[in-house]
C-alpha cells in the first residue's frame, strides 16, 4: 500500500492558478524596493541547504547584497501586493535533466514558513531516496495537483476502502480503462467526490461512479468530457444533495427522475448542449419531492427555449440561473412568489415586456439580479423603495433611461453595478457617486452621459481590497481627465471627449492597474516618461488621440504588457530599443503615425509572442528584416503604406499560425479574474479591436479578429517576385500586395491559398497569364488584378467571370469574359476562297443561325437538363451515378454558352 502511494505522489507537481511575473519596483535611482519578506527568504535558504545542487541551479539564491530580493530568484514568484511567496517552481527541464543538472537531497520542512504558497513544483529532480514528506499536507493553500503521469491513480484510490472524501480537481487525471474498473472491490463509503476539470470521458467515470451511488452526497463531475444524455443511473443516488455536471457535452433534456430525488438541493447543468422547452424542464422537476428541496438550479449556457412557466411551487429556491439560453416572452410574475430567492440570472435571452415594482414585491432576500442583454423595460417610480439590498446588479441593454434611476440611492451594499446601454442621457448626480464606497465594479458605458468627470481618486479611495474597476466608455464626458484611483484593476475611459495631456499619470507613484484604455478621445501632448511605475499593466490603449513626440524609453519597463496600442496619433521618431524588453506583447499597433527609420530587427528577435503587428501608414524604409520570420504566432502583419523596399523574405512560411486554416477563438484579448472579497469575483476579458483595410474600406474588427489571418504589404516599394513560400500560408484570409513594384508571373501555386477571401495584386508589374488555379478559390469574395502587364485568356470558371471587368483593367493584352475583348480564336476567320464566297457563306449561315435558333438551343438544353435531373431526384442510384458526369459537364456548357452569346452580341452590333 505505502509503495503505491509513494509511486503516486512521487509524480506530484503542485501549482496554483495564480501566476505573476514580477520585477522590483524602482523607487529612485539608488534604492530598490524589495517585495521579498525576510522570514520567507531565510526559509528558502534553509530549504536550499538541505539540497545537493551540484550544477548551481540555485546560484541566484543567496544573502549577498545583489541577491537579497528572493522574488527575483529562480523559480520564486511573489504577490505583487503582499510580497508573500506564491510560487516555488523548481521543475527541471528535459534538457537540464539530460545533462544531469538536477537537484538532489531532502525536502526541508522550512517550506512551512511559506504560509501563502499556492504552487509547488519540484518534479523532474532526484528525490527518489526520500519519501514524500508528511508536512506537505500542512501547506493548506496549495490549490493544484498534476497527476498526468500517474496512470495508477485509480488503483491507489480503489484500495482506500474507508475513504469518505476524495477531491482530485484539476489534476489532469489520465483516463481509466472501463473494463479495468470491474476488477476492484470499490469503496462505497465515499460521500464527497470531486473529479472536476480533468477532461475524463464518460467511460472512465460512470462505471466506477454508479458503484458508489447510495452513499454519495456531493458529486462534482464538471469540466470533463461527459457525452450523450444524462444517465438514468443517477436516480439511484438517493442521498445526493449536490450534483454538478457542468461544462461538458451532455445532450437532450432533463430526465423526470430528478423530480423524485428528495434530498437534492443543488443541480448544476450549465454549459452543456441540453435543449427543449423550458416548460418541460419545470414539468419534469415538479413531478415529485424535489420541488420542496431544490435550492439552487443552474442551467445557463444551454439551448432551452420558450417562456418561463409558473415557478411558485419551488418554495425553497434560492438561486435560479438561466442566462444565455434562448428563452423568450415576458418575465412571468410567478417569479415574484419565490420569496427565498437570493440570486436571479436571466442575462442573454430574448425576454420582452415591462418589469414593474410588483415583480419585486416579495423578493426581500434578493442579493443578485442579472437581467442584461434582453429587451425588457424597467418601469420603476422615482420614489420606489425596493424591499431588498442588492450586492450585484446587471441591467445592461435594458430600457431604463433617460435619468439615473433614483431607487439606486437605497442600495448601499452594491459591489457590482452594470448599467451600460440603458438609455441614460443625464449628468451624474452627486448621490450616485456616494454609492462608490463599496463598489468593486462600475460600468456606465454606451450611454449618453454628459458632463465633466469628478475626481475619481476621492470617490474610489482605495478602501476596498482589490480596488474598483471602472468602465465609462462611449459617453460624452469632456474636459481634462481627473485624478484616477491608483488601485483600480481596470479603467476604460475610451470614446469620450476628454482633452488635454495625461501628465497626471506621473503623479501616481504606485498603482495596481492591469487595464488602461484612454483611446478615441481628444488627448494631446507628449507621452509621459514615467512608465516604470506601471509594471502591472497588461493592456495600454492610447489610440485615436493627438499625442505627439517620441515614444519614451521608459515604456520598456512595461514588462507584463500584452497589448500596446498607439494607433492614429502624431507620434514620430524611431522606435526605442527599450521596447524589446516587452517580451510578453501579443498585440503591437503603431499604425497611422509618422515613425521613421528601418523596421527594427529586435521585433522579431525579442517579441516572438506577437499575434498582431501593425506598422501601417508610417515612414519606415529599408528592407523587411528576415528576423520578422521568427514571429511564429503572428496572424495579422500589416506593413502597408510605408516606404519599404527590397524583396519579400522567402522565410514568411515560418508564420506557423498562418499555415493552418482554423482558429479556435474568434477573438483576441487578454482576460483576468478579478477577486471581489471575501469569496467571489468576476472575469474580465479585454478584446482587441483593430482597423484593417478590407474590401476597399477601413473596418474595425473586434469580435471576429481571431478568425482573421492577414498579410498586408501594400503601398510600398517592394520588388522582385512573390516568393512561392508564401503559398504555404494556407490559412490566409487576406493577402494584399498591391501598389508595389513586384514582377514576374503570378505563381500557379496561388490556388493553394484555399482560405482566401481577399486578394489584391493590383498596380504592380506582374506579367504572363492568370494561373488557372486562381479559378479554384471558391471562397474568393474580393479580387483585384488591375494595372499589371498580364496577358492571355482569363481562365474559365464561374469564379473569375463573376467579378466586374474593373478588376482586370489596365492589362492591355488580357482577354476573355468579363472583358469586352474576346479570345482571338473566337473571332470569325475567312474560309478558303474569295471574299465573295466568304460573304455568301456568312449570309447562308445567317439564314440558318438566327437569334431564335440560339434561344431555342439554350431553352432546349435546360428543358432536357432538368428533365434528366427531375428523374434523378426520384432515383437515388441514378442520381449518384450521374452526379460526377453532370459536374464535369458544367464548365463545357459554360464555355459553349459564352462563345455563342459573344457571337450573337457581335452579330447584332453589326
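The values are calculated or read from the model by the stated rules, or taken from the named source; none is laboratory data. On a predicted model such as this, the values are computed, not experimentally measured, just so you know. Ideal geometry is used to build each Cβ from the backbone, glycine not excepted, and the neighbour counts take in all protein chains shown.
Could you count how many residues in segment 285-315 are modelled with pLDDT under 95, in contact with a helix residue (DSSP H, G or I) (Cβ under 8 Å, 6 or more places away or on another chain) and farther than 22 Å from residue 330 by Cα?
Qualifying residue count, segment 285-315: 5.
Quick test of your reading of the structure: residue 787 fulfils all but one of (1) under 19 Å from residue 718 (Cα atoms); (2) touching a strand residue (DSSP E or B) at 6+ places or on another chain (Cβ under 8 Å). Name the failing condition by number.
Against the list (1) under 19 Å from residue 718 (Cα atoms); (2) touching a strand residue (DSSP E or B) at 6+ places or on another chain (Cβ under 8 Å), residue 787 comes up short only on (2).
With segment 374-492 as the region, which strands (runs of 3 or more DSSP E) entirely inside it contain at least 3 residues that are closer than 30 Å to residue 504 by Cα?
In segment 374-492, the matching strands (runs of 3 or more DSSP E) lie at 416-418, 441-443, 450-452, 469-471, 476-479, 490-492.
May I ask you to say which residue of 206, 218 is modelled with pLDDT under 95 and in contact with a strand residue (DSSP E or B) (Cβ under 7 Å, 6 or more places away or on another chain)?
218
If I go through segment 547-559 residue by residue, how many of them are over 16 Å from residue 502 (Cβ atoms) and surrounded by fewer than 20 Cβ atoms within 10 Å (Cβ to Cβ)?
Summing the residues that are over 16 Å from residue 502 (Cβ atoms) and surrounded by fewer than 20 Cβ atoms within 10 Å (Cβ to Cβ) in segment 547-559 gives 3.
Do any residues in segment 64-89 that are surrounded by 14 or more Cβ atoms within 10 Å (Cβ to Cβ) have Cβ atoms under 6 Å from those of residues that are part of a helix (DSSP H, G or I), where the two are at least six apart or on different chains, and which pairs are they?
Taking only residues 6 or more apart or on different chains, the pairs are 70/41; 70/44; 76/70; 78/71; 85/40.
Are there strands (runs of 3 or more DSSP E) fully within segment 256-367 with at least 2 residues that are without any contact (Cβ under 8 Å) to a residue 60 or more places away in the chain and surrounded by fewer than 18 Cβ atoms within 10 Å (Cβ to Cβ)? List them.
Filter on segment 256-367 gives 273-277, 303-306, 326-330, 350-352.
Quick check on segment 188-220: of everything there that is part of a loop (DSSP other than H, G, I, E, B) and in contact with a helix residue (DSSP H, G or I) (Cβ under 6 Å, 6 or more places away or on another chain), which residue is surrounded by the most Cβ atoms within 10 Å (Cβ to Cβ)?
213
For segment 455-470, indicate whether the set of residues that are at positive phi, free of Cβ contacts under 8 Å to residues at least 40 places away in the same chain and either over 29 Å from the mean Cα position of the chain (by Cα) or surrounded by fewer than 19 Cβ atoms within 10 Å (Cβ to Cβ) (or both) is non-empty.
So far as segment 455-470 goes, yes, one or more of its residues are at positive phi, free of Cβ contacts under 8 Å to residues at least 40 places away in the same chain and either over 29 Å from the mean Cα position of the chain (by Cα) or surrounded by fewer than 19 Cβ atoms within 10 Å (Cβ to Cβ) (or both).
What number goes with the only condition from (1) more than 23 Å from residue 730 (Cβ to Cβ); (2) at pLDDT below 90 that residue 787 does not pass?
Exception for residue 787: condition (2).
Go through segment 606-687 and tell me which strands (runs of 3 or more DSSP E), entirely inside it, have 1 or more residues that are over 20 Å from the mean Cα position of the chain (by Cα).
Those strands (runs of 3 or more DSSP E) span 619-622, 636-638, 643-647, 669-676, 680-687.
Can you give me the number of residues within segment 154-174 that are surrounded by 15 or more Cβ atoms within 10 Å (Cβ to Cβ), at pLDDT 80 or above and more than 14 Å from residue 224 (Cα to Cα)?
Selection size over segment 154-174: 1.
In segment 625-639, how many residues are under 27 Å from residue 699 (Cβ atoms), in contact with a strand residue (DSSP E or B) (Cβ under 9 Å, 6 or more places away or on another chain) and without any contact (Cβ under 8 Å) to a residue 60 or more places away in the chain?
Residues flagged as under 27 Å from residue 699 (Cβ atoms), in contact with a strand residue (DSSP E or B) (Cβ under 9 Å, 6 or more places away or on another chain) and without any contact (Cβ under 8 Å) to a residue 60 or more places away in the chain within segment 625-639 amount to 3.
So which residues in segment 68-103 are modelled with pLDDT of 85 or more and either not in a loop (DSSP other than H, G, I, E, B) or not assigned by TED's automatic domain parsing to the domain that holds residue 123 (or both), if there are any at all?
70, 71, 72, 76, 77, 78, 85, 86, 87, 88, 89
Among the residues that make up segment 691-710, is at least one of them modelled with pLDDT of 90 or more and not in a loop (DSSP other than H, G, I, E, B)?
The answer is yes; a qualifying residue exists.
Which of the following residues is closer than 27 Å to residue 612 by Cβ and part of a loop (DSSP other than H, G, I, E, B): 726, 722?
722
Just to be sure, is residue 420 within 17 Å of residue 394 (Cβ to Cβ), touching a residue at least 60 places away in the same chain (Cβ under 8 Å) and in contact with a strand residue (DSSP E or B) (Cβ under 8 Å, 6 or more places away or on another chain)?
Taking the combined requirement at face value, the residue does not satisfy it.
Working carefully through the options 311, 264, find the one that is within 15 Å of residue 240 (Cα to Cα) and more than 28 Å from the chain's Cα centre (by Cα).
264
Can you spot a residue in segment 452-463 that is farther than 18 Å from residue 408 by Cβ, modelled with pLDDT under 90 and in contact with a strand residue (DSSP E or B) (Cβ under 6 Å, 6 or more places away or on another chain)?
Yes; the residues of segment 452-463 include at least one that is farther than 18 Å from residue 408 by Cβ, modelled with pLDDT under 90 and in contact with a strand residue (DSSP E or B) (Cβ under 6 Å, 6 or more places away or on another chain).
Kindly indicate whether residue 184 is surrounded by fewer than 17 Cβ atoms within 10 Å (Cβ to Cβ) and either assigned to a helix (DSSP H, G or I) or at pLDDT below 75 (or both).
Yes.
Of these, 647, 653, 736, 642, which one is modelled with pLDDT of 85 or more, over 21 Å from residue 584 (Cβ atoms), surrounded by fewer than 18 Cβ atoms within 10 Å (Cβ to Cβ) and touching a strand residue (DSSP E or B) at 6+ places or on another chain (Cβ under 7 Å)?
Being modelled with pLDDT of 85 or more, over 21 Å from residue 584 (Cβ atoms), surrounded by fewer than 18 Cβ atoms within 10 Å (Cβ to Cβ) and touching a strand residue (DSSP E or B) at 6+ places or on another chain (Cβ under 7 Å) holds for just one of 647, 653, 736, 642, which is 647.
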